[in-house]
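A.B. asks: Sharing a structure, written as structure tokens. Questions coming.
The values are calculated or read from the model by the stated rules, or taken from the named source; none is laboratory data. Just so we're clear, the structure is a prediction, and the values are computed from it rather than from any experiment. No Cβ is skipped: glycine too gets one built from the backbone with ideal geometry, and neighbour counts run over all protein chains shown.
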Amino acid sequence: MGTWTGKSFVKVIDHSPEDLMVLLERSTALKAQKRAGTEQQHLVGKNIALLFEKTSTRTRAAFEVAAYDQGAHVTYMDPSGSQMGHKESIADTARVIGRMYDAIQYRGSTQENVETLAASAGVPVYNGLTNEWHPTQMLGDFLTMSEHAPKPLNEVSFAFVGDGRFNMGRSLTVMGALMGCDVRMVGPSALMPPAEVVDAARAIAATTGGTVALTEDLDAGVAGADFVHTDVWVSMGEPKEVWAERAEELGDYRVTSAVMGLAGPGAKFMHCLPAFHDANTTVGAEIAAATGYEDGLEVSHDVFESAASVVFDQAENRMHTIKALMVETLSG
């Protein structure tokens, strides 16, 4: 049996650097095989339930295409498609679905829900996103950095600029420490990852050779970084009324061409998407009108569309890494 056989993936801190590298290496191999037309199917006859309490483009598409490529079948369930949390508890839903499916993906609100699923289902459970953690995104992000950095991950430096309190800031802090990276969290002190997350990441970094720094100093935090990450300023589920407040807090931390210049000529820009880089969406237009940022909020439009931007490689890599996760956990 393989390292990952039968295991759940609900947050990266549950796993060793060596085990995470197994997933990244399998991702690289499967991506190359798909492009060469030599991919072998390892999941024929497998059935995977996709439970979505929060909508998604990349997560749903990645799981569905990855499963189909590998010969598996999926069932998509949104909040109207099951009784989970309404007439039936998370634990009871897990025990029912776990008897019918070989694995379960959950994308929703609290980490407690996905942890309960994993404890009760009897099959691998994958966290497609919670408020606290985004482990499948980390696989795509670190595959992307490994592809675009001319050096191993344990020599990579990256800065996350913006609001680090939620799933992306927390996950990048911990995953960066696990991979031995030079991690810089850059933003207002009130918007940093929780102290317990930072403490855990620093304890990990002490064993991997990584570093974890928190700073309000944009120039110092970004200087010399190989990658600059950001995320939207208002997370899913937060009321739209906080946009003006958050724009005032984070206005100095927009990722602009000047910020990318601080990182250096070879630096790449990353974003988990969707990004408010222009006003060409309904929500984007509303936010631009409310904040005055017409050319992008967390990232300026010119940076998003620049040669430094690898956001669509990053998005594609969600599929290759999720495929690797399913193959490793379900095929032995």
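A.B. asks: Quick check on segment 232-254. Is at least one of its residues of a type outside the set (G, A, S) and closer than 24 Å to L153 by Cα?
C.D. replies: no
A.B. asks: Here is a follow-up. Yes or no: T207 of a type in the set (S, T, Y), assigned to a helix (DSSP H, G or I) and touching a residue at least 12 places away in the same chain (Cβ under 8 Å)?
C.D. replies: Taking the combined requirement at face value, the residue does not satisfy it.
A.B. asks: Looking at (1) among the small types (G, A, S); (2) surrounded by fewer than 22 Cβ atoms within 10 Å (Cβ to Cβ); (3) under 23 Å from the mean Cα position of the chain (by Cα), which one does G221 not meet, given that it meets all the others?
C.D. replies: Among (1) among the small types (G, A, S); (2) surrounded by fewer than 22 Cβ atoms within 10 Å (Cβ to Cβ); (3) under 23 Å from the mean Cα position of the chain (by Cα), the lone unmet condition for G221 is (2).
A.B. asks: While we're here: Condition first: charged (D, E, K, R) and in contact (Cβ under 8 Å) with a residue 40 or more places away in the chain. Now tell me which residues in segment 9-24 satisfy that.
C.D. replies: Residue satisfying the conditions is K11 alone.
A.B. asks: Hey, among the residues in segment 25-47 that are within 18 Å of the chain's Cα centre (by Cα) and surrounded by fewer than 19 Cβ atoms within 10 Å (Cβ to Cβ), which one's nearest to T208 (Cα to Cα)?
C.D. replies: E25
A.B. asks: Further question on the same structure: When you go through (1) more than 18 Å from the chain's Cα centre (by Cα); (2) modelled with pLDDT of 95 or more; (3) of a type in the set (D, E, K, R) one by one for R184, which number turns out not to apply?
C.D. replies: Of (1) more than 18 Å from the chain's Cα centre (by Cα); (2) modelled with pLDDT of 95 or more; (3) of a type in the set (D, E, K, R), only one is false for R184: (1).
A.B. asks: Out of (1) buried (at least 24 other Cβ atoms within 10 Å of the Cβ); (2) more than 21 Å from V12 (Cβ to Cβ), the odd one out for P274 is which?
C.D. replies: Looking at each condition in turn, P274 falls short on (1).
A.B. asks: With acidic (D, E) and within 25 Å of T57 (Cβ to Cβ) as the only criterion, which of D217, D163 stands out?
C.D. replies: D163
A.B. asks: Spot the failing condition for A201; the list is (1) touching a strand residue (DSSP E or B) at 6+ places or on another chain (Cβ under 6 Å); (2) without any contact (Cβ under 8 Å) to a residue 12 or more places away in the chain, and only one is missed.
C.D. replies: It fails just one condition, (2).
A.B. asks: With respect to W233, determine if the residue is at pLDDT below 95, in contact with a helix residue (DSSP H, G or I) (Cβ under 9 Å, 6 or more places away or on another chain), in a loop (DSSP other than H, G, I, E, B) and not aliphatic (A, V, I, L, M).
C.D. replies: So W233 fits the description; yes.
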